[in-house]
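Right, one structure below, let's go through it.
Derivation of every value follows stated rules applied to the coordinates shown; laboratory data play no part. Since we're looking at a predicted model, the values are computed, not measured. Note: ideal-geometry Cβ built from the backbone for every residue, glycine included; neighbour counts use all protein chains shown.
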Amino acid sequence: MASVELRGVSKSFHSVDVIRNVDLTVADGEFVVFVGPSGCGKSTLLRLIAGLISVSSGEVAIDGEAVTDVPASARGIAFVFQSYALYPHMNVERNIGFALETSGLKRDAIRAKVMEVAKLLKVDHLMGRRPRELSGGQRQRVAIGRALVRKPEVFLFDEPLSNLDTDLRAEMRVEIARLHKDLGVTTIYVTHDQVEAMTLADRIVVLNAGVIEQVGTPHELYHSPRSRFVAGFIGSPR
Ligand code: ADP
Ligand code: MG
């Protein structure tokens, strides 16, 4: 596990400032949720942390070390997206284990790791199925499994449940909370869903037009929103 620090991070695209001087420390093992309106920069922040894009200024540090020159693949970060494209022609076992196939591990060792993750996510009875033979929730479990099998230091989730119906969302929310409790992997999670934010987060970060509007525990934000804007996302009705 690892801490994640953003130190004065800014990002512009074609001279439009999308992220503006963001400072944030996510502690080792913490679960932090980003909320904010569409286009405020949530996905961009995750991509900066993952190293999928580079900062315009400032730095990202993992476990206290600046990772400016560290490529995405070496940051120990796993990313789960909203649209989790599984390999359609591969079964569940291979979808989860694919990243390990080029790792030099022996087939039995890969199988054991995949099995461990599949059990954790309760898809171990589905190993032979193709993605099209799975429900939406099962597919999302496999997508999480594929990220988890690499034993990440940090987990990034970008609206992972927004394509699921209400019941599945509730079920997966509980699973994600359980996984975090069991494994304690540092997690940054983007959502539109207030219930997800309130129930999953150790702390919530409210973003507005590329800046942090407020950071606090769900309790703090609910009871003491600093602005009408924050209240609109998280605050108690008043
Ligand atoms: P959110 O995830 O909060 O909805 P994003 O981080 O996706 O917002 O986008 C923030 C802003 O940055 C938006 O205005 C978006 O159009 C812009 N943006 C994101 N990625 C790019 C890119 N690769 N090129 C140009 N503009 C981008
Ligand atoms: Mg987004």
Normalised alpha carbon radius of gyration of the stretch 159-238 [divisor 2.2 N^0.38 Å]: 1.13
Debye log10 I(q)/I(0) for the stretch 59-129, one point scatterer per Cα, at q = 0.16, 0.18 Å⁻¹: -0.73, -0.85
Estimated inter-spin distance, A99 and A27, nm [label 7 Å along Cα→Cβ]: 2.6
Net charge of neighbours whose Cβ lies under 12 Å from the Cβ of V18, counting Lys and Arg as +1 and Asp and Glu as -1: +3
Fluctuation leader among V26, V195, V80 - the chain, Gaussian network, Cα springs under 10 angstrom: V195
Cα pair distances exceeding 13 angstrom across the stretch 52-93, given as percent: 67
Rel. contact order, % - alpha carbon contacts under 8 angstrom, at least six apart, the chain: 27
Span from the the stretch 92-125 Cα centroid across to the the stretch 182-218 one, whole angstrom: 30
Debye equation applied to the C-alpha atoms of the stretch 1-90, log10 I(q)/I(0) at 0.15, 0.16, 0.25 Å⁻¹: -0.60, -0.68, -1.44
Helix axis angle, 107-120 relative to the chain longest principal axis, alpha carbon, degrees: 50
Label-reachable residues, the stretch 72-112, where backbone N falls under 19 Å from a point 7 Å from N163's Cα toward its Cβ: 78-99
Gained length - K106 relative to F13, 0.36 nm times residue gap less alpha-carbon distance: 29.1 nm
Descending semi-axes in Å of the chain, equivalent ellipsoid built from Cα gyration tensor: 31, 22, 15
Selected from K151, K181, K42 as most flexible by GNM, with the chain as the system and alpha-carbon contacts under 10 Å: K181
For the stretch 26-149, average projected area of the Cα convex hull in nm²: 9.5
Choice from G184, G39, G104 with maximal GNM fluctuation in the chain (Cα, 10 Å cutoff): G104
Radius of gyration, Dmax [the stretch 192-238; alpha carbons; angstrom]: 9.5, 27
Mean shadow area of the stretch 112-218, taken as a quarter of the surface of its Cα convex hull (nm²): 7.5
Reach of K119 by Cα under 30 Å, taken over lysines that are not fewer than 8 positions away in the same chain: K106, K151, K181
